[in-house]
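The values are calculated or read from the model by the stated rules, or taken from the named source; none is laboratory data. Bear in mind the structure is a predicted one, so any value in this text is a computation, not a measurement. Cβ sites come from the backbone with ideal geometry, for glycine too, and all protein chains shown count toward neighbours. Only protein heavy atoms, including side chains, enter the accessible area calculation; ligands, DNA and RNA are left aside. Shrake-Rupley method; radii C 1.70, N 1.55, O 1.52, S 1.80 Å.
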Amino acid sequence: MPVDLVPDDGPTDEQPSQGPDQLPDEQPPQAPEAVEEEQQQPQPGLPAVSQRPQRRRIEPQRLGDVVPHPRPQRRQQGQQEGSPEGEGGSERAHSGPTAGGEGTAAGGGDGRPPKRSRVSEERLQEDVASSVGLDPWGLGEEEEALLADVEAQRPGQPRIGRQAYLRVRNFLLTVWRINVRRHLSMEDASRAVLSQHAEVAWSFLHTYGYINFGTAATAQPGMQHAETVIVIGAGLSGLAAATQLRQLGYRVLVLEARDRPGGRVHTERMEAGGVVGWAECGGSILTGCDGNPLAVLALQGGLPLHSIAEATPLYWADGSPVDEELDRQASAGVVGCEVMGLVTDRYNEVLERCDALCQQLEPTAGELISIEAALSALWQEATAKERQQRSAAPAGEGGGGPDGAGAGDAGADEGRASLSDQLFHWHVANLEFANAAPAGELSLRHWAQDDAYELLGDHAFTTGGNGRLVQLLTRNLPIMYRCPVAEVRYSSGSGEGRDGGGVTVVAESGQVFEASAAVVTLPLGVLKADVVRFEPPLPAPKLDAIKRLGYGRLNKVSLLFPRVFWDTSVDTFAAVMKEKERRGAYYLFYCGAHTGGAAVLTALVAGSAAIAIESMTDEQAVAEVMTVLRNIFERPGGKPAATAAGRPVVPTPLQAVVTRWGSDPYSRGSYSSMALSCRGAAEYAAMAAPVAGRLFFAGEATIHKYPATMHGAFLSGLREAGRIHYAFARARHGLPPRSDPAEAGGPNDVSGPLLPAPPSGPALLAVRRLAALACGLRALFSRAEPDLEFGCFKALWGPQAPGQQQWALVQIDLGYVRSRSTTAGADAAPDGANEGGAAGGGSVVVGGRARRGGGASTSASAAARPGGHRRRALVHLPLPRAAVEALWCMRGGDDARLVALTQRFGFKLPGMGCGSDWDPTQQLEQLYSALSEKHPPGPLPPGLAAAAGATVAAVPATGAS
C-alpha cells in the first residue's frame, strides 16, 4: 500500500540487518561486504562533489529469482533458473539481467554450476538507472528532499546511508524493468530486497513514475485522498499526470479543448478508393527506445515498434541520387572526390568549432548570435580554405580535372561549391527540423543544451500510429472534451476554490470547476498568446521565460497512394533543394508502408518553409510534393524512367492531409526551442516551477533534459504528479511547505521572485563543472592539429617535465569506429600506417551510440538520418603517451583498442561494462589548462567578429527580454 512519508520501521545502517542484495526464498549470500558509508576523502586538488563513491565489488545476484515463475519450485544447488518466463520487458531488458546467457537456464541439468554474466548485477542496475535519466551514484533533488523528511521523522537516529539507499533504488528499478506489465507493490519490493531502505526507495520510484506507470498503474484499494486535481489538457503530459495521480489516490478531472485526446500527438485515419492507412500529423518518432517510457508503454499494450533503418537515400532537386551523381562527377574529374563525404565531415567540424566560438564570445554575445550566423561564417571560411588548398595542389594530386588537368578549373570549382552549399543547407534544414524553428532564430550558445541527455537505443515508429499509445493512457480517465479554458484563479491555503485556497478553473462555456490543485499543460504557443487568463498573474520570471523561449513550426504533407512505388527496405529518404530559402521544403520523407497500414508517404516541412506552407492551399502543397516525387522516381536527372505497363511510376494520391500547426488555436506551433536571448536550462526550470503550491506546469517546454520530444512531455506529467503528491503528503503529516527554490513565489507567496537558475546543489555543481570541461575539450580539439591521429582516436601531447611521465589528451569519436574488417592491412601493419585518414577504409557507425550524430559517417545515407544534425558522441580521457603509442601500433582496429582501454587500462566507456572507478577529471583539467595555453583560440571570422561587437554594444544593462 503506498505511503506518503515512510515511517521508522526498520534498523538503521549502523544496526545489524540483512543486506540489500538478499533475495527472497534464499539463504543470505556468503557475507556480502557492505558498502562503505564513511565519507570519502577528496583527492588533492579535486572537489569532493565530483568524487564517485568507492564501492567494493558485490557478487552478482540473479534478478530472475525475484520474478514469479510458472514452475512450481526453483531448482537448487546450481540448477536455479536464470531468466524469467512469461511476460517481460523488451528483449534487451529480458535477456540482460540473467546470469546464464541468452534466455537459457543458468545451470545445466547435470549439476554444473551456473554460468556468470560478464557484467555484474550491480553494473547492470547502474546502467538501467542511467537509461531512465537517474544518476546511479547520486541523489536527485526530489530524493534528497524525501530522505531528509524521513530522517526528520526519526529523531536521534543515524542518517540514512546514501550509497546503500542508491543500491536498493537501482535494484528495485531493475526488478520492475524485467517485467513492466506487472505492478510492483511495496510489499513485493520489501520481499525482493530485505533492507530498511526498500520502502523509501519504492516510495520515490513509485511516486515520481519511474516504476508502475502506463498500464501498470493501479490504484490501491481503500487509498483515496481528499484532495482533487484538475488537469488542463489531454496531451501526453496531461494524460500521464492524470493517470499517475489516480494511481496515487486522487480524484482527477481532465479538461480538453479539442474533441480528441493527444494534443500535438495525432494519428489521422486516411481512407479512399478502398485503401485505409494512418498518417502521423504530429509527434512521430520514439527516440532512444532503451530508456524511452513510451517504448515501455508500447510493450505494455502489445504495440509493435518498427526500428527506423539507418539507410536514407539522398536525392538532388532534379531527382538524381546524390551517390550516383557524385560517382559520375568523380569519374569525370569534375569533383575529384565524394562531395557528400567532404560536406558531412566539414559540417561536423563546423559544428565542433561552434563550441570553440562560445568559449571565445562573451556570454551575452553567445546567447544573441544565432547558430545560423556562426555556421554560415565558419562554413564560408572552411570552404575558402579548402578551395585555396585545392588550387595550390600540383596537377595529378587531387586538384585537377581529367588527365591531371590544372587545379584552376573555375567551372569545376563553381559546380563543386554549388553542390557543397546545397548539401550544407540540407544539414541546416535537418537542424531546423529538430528545433521547429529557422536556424537564424536559435541561440548559438544554447540551441543544443539537451544533447547530453539523449536516451540510448534505436529510433522507432509505432505500428498503427502513436494514437494507439494515447488510447492506452485514456482508459478509465474522466475527460471533458470541447472544454477550452478561459481563466485560472489560484491562491495558497487549505481547502478548495479561491476562498479556501486552491484553484478555480473557468471554461469558455462559463462552467466553473474547483479543485485543490491544477496541472497546466497548455502548449507554449497558447501561453505566449495569453488567451488563458491567470488571476493573480503568473510570476514575472515565469512570464519572462514564456516570452524568451522559442516556439516554432514543423509541418507535414501526408499522401495516401493506391500502391507502394518506393524501396520498402528504407524508412526515410531525403531531397536536397537548390534554393537556400526553400531548404526545408519536403526535405525528408517518412515511408509508412510498414507502419501506416498502406502506401503512405509523409513529407516534412521545416524552417521558413514550414511557415510558408500555412498560407498555401492543400492543392498547392500536394502539387509541390508530387513534383519532388516525380523528379525522383520518374525523371531522375531529367531522363524518363522505365514504367510498368505504361502507367506512371508515381500514381495520383488518393487522399492528402496537410498540417498547419501554427494556425491551430489550441497549439499555435509545434514545439519549443532555445531562441535568441535564452539562458539555457534556466528557462525550462522557470517554466516548470510550481506557483503558490497550487499550480503545477507540465509539457515538453517544461523539461530541460528532453524538450521537444514526446517522452519529454510524458515524463513531465509524471514529475508533476509526484510533486503534487509530495506536497500534499507533507501537509497531511503536519509538515510545513518545503522551501523549494524552484517554486515560483514560494508556497505562500503568489508574486514572489523566482530564482533565475535551478538550485545549485553539489550534484548540479559537479554536472556544470564537467559540462564546461567537455565543451572546452571539444573546442580545443576543433582548433588544434592533433599530434597523433589514427582510427577514431586523436591525441595531443601534454607538457613534458624531466624525469616525469608525459601524458596525452585523447579524444575518441564513438560515431566513427573503424573495425578490423574495414581496416586495410590490419594484420600486416599498425592501423595508422594504412589508414591515410578517412578515405583509407570504410567506416561503421556503432549501433545505438551515434544514432543522432549521423554526420559522423562519410555516407550520405547515414548523414540523412532524422536528427543527423546532432553532434557526435565524443569521449575525452588522459593517457600516458606511451599507452597512446601502444594503441596506435595495436592490430585489430578500433574495436581491439576500445577493448584494451576498458580491460587493460581500466577505463569506463559508454556501452562497455568494464573499467575501474578512477576519476580522471583532475588529470583532464590539468591537461586542458596546459594545452589551451599551447593552442589558444584563433581570431573570430570577420562577419562574426562584427556581429559579436554589435551584439554586446546593443545589450541593455538589464539584459535582453
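The table that follows gives values for the structure above.
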item	result
Residues (surrounded by fewer than 17 Cβ atoms within 10 Å (Cβ to Cβ) and touching a strand residue (DSSP E or B) at 6+ places or on another chain (Cβ under 6 Å)) located in the stretch 563-580	Arg563, Val564
Single condition Thr643 does not satisfy, out of (1) at pLDDT 95 or above; (2) under 23 Å from Ser320 (Cα atoms); (3) β-branched (Val, Ile, Thr)	(1)
Number of positions in the stretch 150-182 that are open to solvent by 20 Å² or more (accessible area, probe 1.4 Å) and in contact with a Phe, Trp or Tyr (Cβ under 9 Å, 6 or more places away or on another chain)	2
Unmet criterion (only one of (1) under 23 Å from the mean Cα position of the chain (by Cα); (2) without any contact (Cβ under 8 Å) to a residue 12 or more places away in the chain) for Glu579	(1)
Odd one out for Leu357, checked against (1) at pLDDT below 80; (2) in contact with a helix residue (DSSP H, G or I) (Cβ under 9 Å, 6 or more places away or on another chain); (3) closer than 29 Å to Glu933 by Cβ	(1)
Odd one out for Met710, checked against (1) modelled with pLDDT of 85 or more; (2) open to solvent by 30 Å² or more (accessible area, probe 1.4 Å)	(2)
Odd one out for Thr659, checked against (1) modelled with pLDDT under 95; (2) open to solvent by less than 20 Å² (accessible area, probe 1.4 Å)	(1)
Number of positions in the stretch 878-905 that are under 23 Å from Arg778 (Cβ atoms) and buried (at least 20 other Cβ atoms within 10 Å of the Cβ)	8
Cβ pairs under 6 Å, 6+ apart, first in the stretch 424-444 and at negative phi, second of a type in the set (Asp, Glu) and surrounded by fewer than 24 Cβ atoms within 10 Å (Cβ to Cβ)	Ala439/Glu372; Gly440/Glu372
So Ser190, is it part of a helix (DSSP H, G or I), open to solvent by 10 Å² or more (accessible area, probe 1.4 Å) and hydroxyl-bearing (Ser, Thr, Tyr)	yes
Scope the stretch 418-467; condition of a type in the set (Val, Ile, Thr) and open to solvent by 10 Å² or more (accessible area, probe 1.4 Å); matching residues	Thr463
Condition check for Gly319: at pLDDT 80 or above, assigned by the TED database to the domain that holds Lys578 and open to solvent by less than 10 Å² (accessible area, probe 1.4 Å)	yes
Answer from Leu473, Leu477, Leu524, Leu554 - the residue that is closer than 30 Å to Glu271 by Cα and open to solvent by less than 10 Å² (accessible area, probe 1.4 Å)	Leu473
Residue in the stretch 434-448 that is charged (D, E, K, R), at pLDDT 90 or above and under 30 Å from Ala593 (Cβ atoms) present	no
Residues of the stretch 792-823 satisfying the condition of being buried (at least 22 other Cβ atoms within 10 Å of the Cβ), outside any loop (DSSP other than H, G, I, E, B) and modelled with pLDDT under 65	Val817
Scan of the stretch 675-709 for residues that are out of contact with any Ser or Thr (no Cβ under 6 Å at 6 or more places or on another chain), within 26 Å of Glu227 (Cβ to Cβ) and not aromatic (Phe, Trp, Tyr), ordered by number	Ala685, Ala686, Ala689, Pro690, Val691, Arg694, Leu695
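Yes/no per residue for (1) closer than 29 Å to Gly133 by Cβ; (2) under 21 Å from the mean Cα position of the chain (by Cα); (3) without any contact (Cβ under 8 Å) to a residue 40 or more places away in the chain; (4) open to solvent by less than 20 Å² (accessible area, probe 1.4 Å):
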| position | (1), (2), (3), (4) |
| --- | --- |
| Ser203 | yes, no, no, yes |
| Gly214 | yes, yes, no, yes |
| Val231 | yes, no, no, yes |
| Gly235 | yes, yes, no, yes |
| Arg246 | yes, no, no, no |
| Arg251 | no, no, yes, no |
| Met270 | no, no, no, yes |
| Ala279 | no, no, no, yes |
| Leu286 | yes, yes, no, yes |
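Condition check ((1) crowded, with 24+ Cβ neighbours inside 10 Å; (2) at pLDDT 95 or above) across all residues:
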{"site": "Tyr666", "(1), (2)": "no, yes"}
{"site": "Tyr671", "(1), (2)": "yes, yes"}
{"site": "Phe714", "(1), (2)": "yes, yes"}
{"site": "Leu765", "(1), (2)": "no, no"}
